[in-house]
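> Dumping the structure here so I can ask a few things about it.
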Amino acid sequence: GISQPILLGGKIKARTLVSQNEKDIALINYEQKLRDIIATTKSTFVKILINQQSVNNAKNTLDIAIKLYDSVKIRVDALVTPQTDLIKAEIFLSRTEANLTNTRAELFRSQKQLNVLLGNFDIKIDNYGGKLRETFPQLSKAKIEEVFLLSFPELIKAKKEEELARAQLLLAKAESYPNLDIEIGTGKLRETSESSNIIEWALTLPLPLFHRNQGQIKEAKALLAKSEKEYQNIVNKLLL
């Protein structure tokens with residue numbers, strides 16, 4: 001014979017809802033990771049532009065320091081300026097040389113970091129072109145809050161996890177209802193010298209007198225309360 005369970009209590013709908021929310025969370029995790037990589041790549045490129053500007057400024061400062069040192073040395077040799085002024089010029093020159101070395105090293109590090117993000121550590125880029133923004137759009141607090149609440153990835157994920165917890169609670173409640181089993185069987189009846197074919201069927205419905213899935217329902221309620229608080233905590237942090 002064969003048997004077929006008939007799911008009651010909305011189990012199919014609840015399981016479908018749980019699976020859909022789990023799928024959505026997986027997609028959100030992927031999208032969040034992708035956004036993190038893009039944001040890191042953009043910020044690294046901006047850092048390169050800043051470091052390039054810093055190197056240019058350091059070169060200009062070094063040129064000034066060299067000219068200043070030469071001018072002071074001439075005056076000291078002519079006994080017009082005291083020796084202490086030459087010492088100060090030497091110190092300033094040394095500092096500008098060290099600053100140029102440091103800014104070049106910082107530029108090199110940011111370039112290598114960008115190469116790693118692009119997936120090719122040995123790639124060579126001759127020119128990093130771009131203009132740094134000097135002004136920024138003025139956004140009101142209400143507008144910033146609106147943007148965060150609608151598009152902040154961590155907040156979207158927290159909201160979807162809250163929906164998942166609610167679906168899991170719905171499933172836990174649905175699991176408290178027993179399933180209806182339909183059974184059909186065939187065989188031969190041999191009560192006399194002659195046998196006859198018979199078909200039997202049965203409906204089975206367990207009675208959940210003691211086990212009504214209370215444990216999973218309580219657990220699902222606790223997870224739902226936790227996810228709601230976590231969502232609100234993220235909102236509060238964003239609005240600070």
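> Within the bounds of segment 159-169, is there any residue that is open to solvent by less than 60 Å² (accessible area, probe 1.4 Å), over 30 Å from residue 68 (Cα atoms) and in a loop (DSSP other than H, G, I, E, B)?
no
> Residue check: is residue 150 open to solvent by 80 Å² or more (accessible area, probe 1.4 Å) and part of a loop (DSSP other than H, G, I, E, B)?
For residue 150, the condition - open to solvent by 80 Å² or more (accessible area, probe 1.4 Å) and part of a loop (DSSP other than H, G, I, E, B) - is not met.
> Within segment 136-147, count every residue that is open to solvent by 80 Å² or more (accessible area, probe 1.4 Å) and either in contact (Cβ under 8 Å) with a residue 40 or more places away in the chain or within 23 Å of the chain's Cα centre (by Cα) (or both).
Qualifying residue count, segment 136-147: 2.
> Mind listing whichever residues of segment 1-54 are outside any helix (DSSP H, G or I) and either among the small types (Gly, Ala, Ser) or closer than 15 Å to residue 152 by Cα (or both)?
Matches in segment 1-54: 1, 3, 9, 10.
> What's the number of the condition residue 64 fails, among (1) open to solvent by less than 40 Å² (accessible area, probe 1.4 Å); (2) in contact with a helix residue (DSSP H, G or I) (Cβ under 9 Å, 6 or more places away or on another chain); (3) under 25 Å from residue 132 (Cβ atoms)?
(1)
> Report the residue count in segment 107-130 for those that are assigned to a loop (DSSP other than H, G, I, E, B), without any contact (Cβ under 8 Å) to a residue 60 or more places away in the chain and at negative phi.
Looking only at that region, the number is 9.
> Still on this structure: Mind checking which pairs have a first residue in segment 196-214 that is part of a strand (DSSP E or B) and a second that is of a type in the set (S, T, N, Q) and open to solvent by 100 Å² or more (accessible area, probe 1.4 Å), Cβ under 8 Å, 6 or more apart or different chains?
197/186; 198/186; 199/186; 200/186
> When residue 206 is evaluated against the numbered criteria (1) under 32 Å from the mean Cα position of the chain (by Cα); (2) over 18 Å from residue 21 (Cβ atoms); (3) not polar (S, T, N, Q), which criterion, by number, is the only one it fails?
Of everything listed in (1) under 32 Å from the mean Cα position of the chain (by Cα); (2) over 18 Å from residue 21 (Cβ atoms); (3) not polar (S, T, N, Q), residue 206 misses just condition (1).
> Mind listing just one residue for me: the one in segment 16-42 that is within 30 Å of residue 112 (Cβ to Cβ) and polar (S, T, N, Q) and, of those, modelled with the lowest pLDDT?
By that ranking, first place goes to 32.
> For residue 81, which of the numbered conditions (1) surrounded by 11 or more Cβ atoms within 10 Å (Cβ to Cβ); (2) within 28 Å of the chain's Cα centre (by Cα); (3) assigned to a loop (DSSP other than H, G, I, E, B) fails to hold?
(2)
The values are calculated or read from the model by the stated rules, or taken from the named source; none is laboratory data. These numbers were taken from a predicted model, which means no experiment stands behind them. Positions of Cβ are backbone-derived with ideal geometry, glycine not excepted, and every protein chain shown enters the neighbour counts. With ligands, DNA and RNA removed, areas are computed over all heavy atoms of the protein, side chains included. Shrake-Rupley method; radii C 1.70, N 1.55, O 1.52, S 1.80 Å.
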